[in-house]
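For reference, the structure discussed in these notes is given below.
Every read-out reported here was derived from the displayed coordinates using simple, explicitly stated rules and does not represent laboratory data. This structure is a prediction, so every number in the text was calculated from the model and none was measured. Every residue, glycine as well, gets a Cβ built from its backbone with ideal geometry; the counts of neighbours run over all protein chains shown.
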Amino acid sequence: MRVACVDSWGMATSWWLRLQAEGCDVRVYMKSEDCNVGGTGDGLVTKEPSYDRLVSWAKESPEDTVVLFCQSLYGEKADELRRAGLKVVGGGSFADKLEKDREFGQNVAERIGFAIPEFQSFKTLSDAIDGCRNRPDGGVFKTNTYIEADATQVKKTGEELVSYIKNLRERYHDRVSCIIQELIGGKRSVDLDVTRWWDGNEFVGPHEIALEKKRFLNDDFGPSTGCALNAVWFQEDNPLEEDLDYARLAEFLRDHEAPAAPYSVNFRISDEDGKPYFLEWTPRMGYDCCTTVALLYDSLSEMLWRVATGQGGTGVSDDLSYSVRLSVPPFPFEYPPTDGKHTPDGLLLGDLGDGYSPPFIAGQVRSEREGEYRVAGHDGIIGCAVAVGDDLETMADGVRMFCDDLHDSVSKLQCRTDGATVIQEDARKLEALGIDTHPAILKSAEEKVA
């Protein structure tokens, strides 16, 4: 099997390595001019210098090649390859619109039957500023176009929203359409992500469930980085069966000829009424979830092939997977020496020891000058340490020890250390609302009580 990967930031490195380990011939094109991360994966996978070169390679043997679009914003290109008869997973104009056109995505969710927060749409940032001046309760700000990784912001007051949007307007321009969603629930509300693979005609395989924390620092301090840590597992049962109707969603996707891809629905379970409220769609490989989940497939290559060819899903592990994002803070830092843990591009590899799978690392380095890490949060990520097992606390300890070892040569490395605690807190909240989670999450805590 051959796999042609199109990626923006190199954050699907975990999949490249896993697919290679399963015997696939993997080629990668990274749109490095956008993010200055073209060196990620060098020496670990064959890189193509241009998108056209990657497509030419795929067309040399289309009968055994899958083209994998790891990121959104390549919709028209993915559609073109599908029309040319290639086997394509991910990408597509419809998927881009579903995720990036926030008003369209909200309307689709409401049409399918999801409860949605109230929201306002604005054509420009100035319009949004005017709309927020007298807003007492704040809200969730989301753009309809990609500007930067952490453009989605949750603010508690209208004044905070105005301040943030003004800053965004000064750094970019005014012609950015956006929405502002109502804040749902209180402090005991929980965000829950439910994903299933769509093969172009039907949903296949079990439900992929994720609990994640987006803030950069412990106790949810600091900027939102997209994902700072998460816990992911598979289960056959739909955890939101009364609210997430896959039959209606499948009918809608068929009507719109939706492309084969993982379709993720992000909900907030309100602590006020116990109801799940739709927040957003992610019809692509979610980060860092894709790295976290990579180790749970019995065969990643078989899964991709079966989705691409409409043959259904494949086997998955019953274990829990847990990951922590590793970042470098936003100040100059000398490049770490190559000591076996680092490749020249900063990609980190390691082993969590007996009983744990070696983590697949999504590597990313962005530097303004060679030899310096310059940007934190999403753009400053250099890795995700992953552990798979049946006891979250033990897994989190293993990840933390792995990260501690890295500090010997990357002394400014930043990662959260409160993962087990905050994931367990969310699991308890969900179970209090009647939603079961993975038994590994509370295993140690329950044994201590017993």
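Measuring r between the beta carbons of residue 159 and residue 52 and using R0 = 45 Å, the FRET efficiency lands at 0.40. Per residue of the stretch 310-318, in order, report the coupling 6.51 cos²θ - 1.76 cosθ + 1.60 (Karplus, θ = phi - 60°) as ³J(HN,Hα) in whole Hz, putting x for Gly and Pro. Karplus values, whole Hz, x for Gly and Pro: x, 9, x, x, 9, x, 9, 7, 8.
FRET efficiency for the pair residue 127 and residue 271, taken as 1/(1 + (r/R0)^6) with r the Cβ-Cβ distance and R0 = 35 Å, rounds to 0.65. In this structure, the amide hydrogen of residue 67, modeled 1.01 Å from its nitrogen in the peptide plane, lies closer than 5 angstrom to those of 4, 87, 88, 89, counting only residues at least 5 positions away or on a different chain.
Need the full-extension length gain, residue 119 to residue 59, defined as separation in residues times 0.36 nm minus the C-alpha distance. One decimal, nm.
Details: separation 60, 0.36 × 60 = 21.60 nm, distance 4.44 nm.
Using 0.36 nm per residue and subtracting the Cα-Cα distance, I get 17.2 nm.
3J(HN,Hα) along the stretch 44-51: 10, 8, 6, 9, 9, x, 8, 5 Hz, from the Karplus curve 6.51 cos²θ - 1.76 cosθ + 1.60 with θ = phi - 60°, whole Hz, x for Gly and Pro. For 207, 438, 173, the sequence from fewest to most other C-beta atoms within 10 Å is 173, 207, 438.
Summarising the label geometry, the points placed 7 Å from Cα in the beta-carbon direction at residue 25 and residue 221 lie 5.2 nm from one another.
Subtract the Cα-Cα distance of residue 104 and residue 173 from 0.36 nm times their separation in residues, and report this length gain in nm to one decimal.
On the way: separation 69, 0.36 × 69 = 24.84 nm, distance 2.27 nm.
Working it through step by step, the gained length comes to 22.6 nm.
Across the stretch 106-117, coupling constants 3J(HN,Hα) worked out from phi with the 6.51/-1.76/1.60 Karplus curve, θ = phi - 60°, read 5, 5, 4, 4, 5, 5, 6, x, 6, 6, 10, x Hz, and Gly and Pro carry x. For the pairs 31/87; 31/166; 155/443; 123/213; 123/429, flag any whose C-alpha to C-alpha distance is greater than 27 Å. Cα-Cα > 27 Å for 31/166; 155/443; 123/213; 123/429; rest within. Between residue 436 and residue 254, the C-beta separation translates, for a Förster distance of 30 Å, into a calculated FRET efficiency of about 0.50.
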